[in-house]
Amino acid sequence: MALVSLEHVTKSYPAADRKADPVVAVDDVSLDIEAGAVFGIIGYSGAGKSTLVRLVNALEPATSGSIRIDGREITGLRERELRAIRLGIGMIFQQFNLFDAKTVRANVAYPLKVAGWRRADIRARVDELLEFVGLADKAAAHPDQLSGGQKQRVGIARALATRPRILLADEATSALDPETTHEVLTLLKRVNEEQGVTIIVITHEMDVIQTIATKVAVMDRGRVIEHGDVFDVFSRP
Ligand code: ADP
Ligand code: ADP
């Protein structure tokens, strides 16, 4: 059974001009993402990638279709149940979305505080995470004292804090130079291999997919126009 399964998922938004047709951001998408995969979703700006991520993370409801995570249908769940689903999914972002006024340690600790962990457990988990991402010596620093690559490593540590099974990376390397991109992708590969986290990588950059993904879906105007093994999809004429 796939870890994430989408069947005929559509999401439309009302047009700004109420008389115009709705904007169909995701159009009849069916996809299976297996546990343990690094699954890439690639497409130009406006293809519907971010919308798809928000649907999988249960931040917005689909207009129609079925989304199952670990076999469980998430459409129609109550807010309380959705929060539990979201705890099992970590997210990292292009602009890192760190709390600038908080230390690195406090940023990573944040989701654990929200989840109600005890102080001593938070301390131990944060130490472990900062060690894993190679930032143990930056615990007391603030984000503005870090490079872009270091900020994204804090983002990864925070996203992994509650031990999610799925990590969604939405253009997570798009603000980074090629060398730093490579460094962050290498870390994500370790997250996948050493921690068994399934990673969904959203990007407009083919290099990123070719560096870490095993499977890929190509989106265009809300639809998945091709999907399969990275090698097969990209070697097709
Ligand atoms: P991508 O992430 O691939 O750039 P998006 O998912 O952001 O694509 O957008 C897909 C389409 O849906 C675009 O046409 C966008 O303008 C539209 N869209 C996305 N979010 C909304 C929204 N909240 N309201 C209206 N239209 C939206
Ligand atoms: P802020 O002032 O933005 O709230 P702090 O640095 O004061 O950020 O820390 C907020 C939270 O982060 C603390 O309540 C604690 O849970 C965690 N934290 C910060 N520093 C430590 C630390 N040295 N050891 C353990 N937890 C810490």
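Dipole of the stretch 1-69, Cα-centred, from +1 at each Lys and Arg C-beta and -1 at each Asp and Glu C-beta, to the nearest 20 debye?
240 debye
Take the Cβ-Cβ distance between Lys189 and Ala115 as r, set R0 to 30 Å, and report the resulting FRET efficiency rounded to the nearest 0.05.
Efficiency for this residue pair is about 0.70.
Report the charge-dipole magnitude of the chain in Debye, nearest 20, computed about the Cα centre from +1 at each Lys and Arg Cβ and -1 at each Asp and Glu Cβ.
So the magnitude is around 1080 debye.
Quantify how much of the Cα-Cα distance distribution of the chain extends past 27 Å, in percent.
Value for the chain: 36 percent of Cα pairs lie more than 27 Å apart.
Reported to two decimal places, what Rg/Rh ratio describes the stretch 1-86 when computed on Cα atoms with Rh from the Kirkwood expression?
Over the Cα atoms of the stretch 1-86, Rg/Rh equals 0.99.
Between Arg221 and Met206, how many nm apart are label points set 7 Å from Cα along the C-beta direction?
Each label point is offset 7 Å from its Cα along the Cβ direction, giving 2.1 nm.
To one decimal place, what orientation-averaged projected area in nm² is obtained for the convex hull of the Cα set of the stretch 111-237?
Averaged projected hull area, Cα only: 9.3 nm².
Rounded to the nearest whole Å², what accessible area per residue is found for the chain with the 1.4 Å probe?
51 Å²
Once fully extended, how much extra length lies between Ala84 and Thr10, figured as 0.36 nm per residue of separation less the alpha-carbon to alpha-carbon distance?
24.3 nm
Please list, ordered by chain and number, the residues whose modelled amide H lies under 5 Å from the amide H of Arg223; skip anything fewer than 5 residues away on the same chain.
For Arg223, the qualifying residues are Asp27.
So what does the Cα-only Debye profile of the stretch 98-144 read at q = 0.29, 0.32 Å⁻¹, as log10 I(q)/I(0), no solvent term?
The Cα Debye sum returns log10 ratios of -1.10, -1.20.
Across the Cα atoms of the stretch 162-237, what radius of gyration and what greatest pairwise Cα-Cα distance (Dmax) are found, in Å?
According to the Cα coordinates of the stretch 162-237, Rg and Dmax are 12.9, 42 Å.
Of all accessible surface on the chain at a 1.4 Å probe, what whole percent is carbon and sulfur?
Looking at the chain in its full context, I get 50 percent from C and S.
Go through Lys11/Lys102; Lys113/Lys215; Lys11/Lys189; Lys113/Lys138; Lys49/Lys113 and tell me which ones have a Cα-Cα distance over 26 Å in this structure.
Check vs 26 Å cut-off fails for Lys11/Lys102; Lys113/Lys215; Lys11/Lys189; Lys49/Lys113.
For the stretch 58-214, calculate the relative contact order in percent as a whole number, restricting contacts to Cα pairs under 8 Å that are 6 or more residues apart.
26 percent
I want to verify the translational diffusion coefficient of the stretch 40-150 in µm²/s; compute it with Stokes-Einstein, Rh as the Kirkwood radius over Cα pairs, at 20 °C and 1.002 mPa s.
After rounding, the answer is 131 µm²/s.
The values are calculated or read from the model by the stated rules, or taken from the named source; none is laboratory data. In this text the structure is predicted, and so the values were computed from the model without any measurement. Note: ideal-geometry Cβ built from the backbone for every residue, glycine included; neighbour counts use all protein chains shown. Ligands, DNA and RNA are excluded from the accessible area calculation, which covers all protein heavy atoms including side chains. Shrake-Rupley method; radii C 1.70, N 1.55, O 1.52, S 1.80 Å.
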